[in-house]
1. Hey, if you put +1 on the Cβ of every Lys and Arg and -1 on every Asp and Glu Cβ in region 108-166, which of Gly131, Val148, Thr117 ends up farthest toward the positive end of that dipole?
2. How far apart, in nm, are the 7 Å Cα→Cβ label points at Thr273 and Glu181?
3. Report the far tail of the P(r) of region 184-341, meaning the percent of Cα-Cα pairs longer than 18 Å.
4. Just rank Met110, Met121, fewest to most, by other beta-carbon atoms within 10 angstrom.
5. Quick one: check the C-alpha center-to-center distance for region 304-341 versus region 250-285, whole angstrom.
6. For Ser297, which sequence-distant residues (separation of 5 or more, or a different chain) have an amide H within less than 5 Å of its own amide H, given hydrogens modelled in the peptide plane?
7. Express in % the proportion of alpha carbon pairs of region 263-342 at distances exceeding 19 Å.
8. Full-extension gain between Ala143 and Lys303, please, as 0.36 nm times their residue separation minus the C-alpha to C-alpha distance.
Amino acid sequence: MIRNVARAGTTLALALLLAGLVACEDDGATERDVRGDVGWDGSEDVAPDGLVPDVTGDATSDAGDTADADTGGCPAGSTPMCAAACGGDYLLGQAECIDDQWVCAQGVLMDDCPPGTCWGMPEAGEVCENGWQCHPERTNAFASCPAVACLECSGFEGPALQEGCTCACDGVNVLCEPRPECTTTSTSTLAGVAIQFKGDRCRFTLAEAATGLTLPYQVLVQTEWAGVIPRPQDAGGCDQPGSSGLILFERLSGGDQHYCVCDTGLCMGPDETPIGLAPGAYPAAFTWDGVNWDGPSDTGNPKGAPFPAGTYTLEVSARGKLASPPDTPFEVKATLTVILEE
């Protein structure tokens, strides 16, 4: 992705005064240079040690047409420029005509550099392949995960995924964002009782989700309780207590996507008989086949479309009240980030 940059004669005139300064070393196929006086992000390039950055893609200088250099028997036309190195960091100034040949006091003639040499500062994520091309998946662009990896989508082979970062073309630019991490939360207003997720994964492919996921968790009761009245959270009041004594309710959602067994029909009202909770770790698991659904209801409600790639939240909760003090509500809840990828 080579962008033409206007070259200012005043800049090149200053560059003439800077010939002979130390050149940066050749960096190989992905060597960096400065593309003009304005960086890719719109800010001015600042050259270290007073060097004036410039750029050219044709090994000539516009300022050379009017420079007062003695061209002697050298080829007619613009005076060529000297670069610190082929694909190096800075232009050092114009060449001199010595013995009917253009010669650089330091550095190399840009004309002598191999075809396809990439001049100018590459954008984050670019590599030199017959001109700068955007390939953030082949570079360390993911390490810092900039908001914009490349200014243009040309040459991008995305979307690209790596640890910590994802980059995709939005139709004009390639945008990179940090990838969400696996996170869990656990809260409780019932002292000594908690829900905890137990698995070591939260990131899955869409194909894995389609074949079915099982995400384990547990209800941990560390304090014995009496007088607990669990309440169902489904629409028809049909859910029943699990092995812990609490009624667990599972919901996966995010954006416009939603999955829960929220509706299995209409049942009798919940049992108000207080129960006790015994200390222990009670295993459970959320199972899911990757689709939208609200439950079968009493009409055989079919399952919906698959979830697309994205980040979702699985919430497992248990609600109810205490017999003493009367009607004291409680909630035990945990969440897990679930990430689906292509």
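1. The residue sitting farthest along the positive end of the dipole is Val148.
2. Simple spin-label model gives 4.7 nm for this pair.
3. Details: 7379 of 12403 pairs.
Value for region 184-341: 59 percent of Cα pairs lie more than 18 Å apart.
4. Details: Met110 23, Met121 19.
Sorted ascending by nearby Cβ count, the order is Met121, Met110.
5. Between the Cα centre of region 304-341 and that of region 250-285, the gap is 9 Å.
6. HN-HN under 5 Å from Ser297: Asp263, Thr264, Gly265.
7. Numbers: 1934 of 3160 pairs.
Summing the P(r) of region 263-342 above 19 Å gives 61 percent of all pairs.
8. Values: separation 160, 0.36 × 160 = 57.60 nm, distance 4.02 nm.
Result: 53.6 nm gained on full extension.
Read-outs throughout are calculated quantities, based only on the coordinates presented, and are distinct from any laboratory measurement. Note that the coordinates shown come from a computational prediction; the quantities given were computed from them, not determined experimentally. Counting neighbours? That spans all protein chains shown, and the Cβs are built from the backbone with ideal geometry, glycine included.
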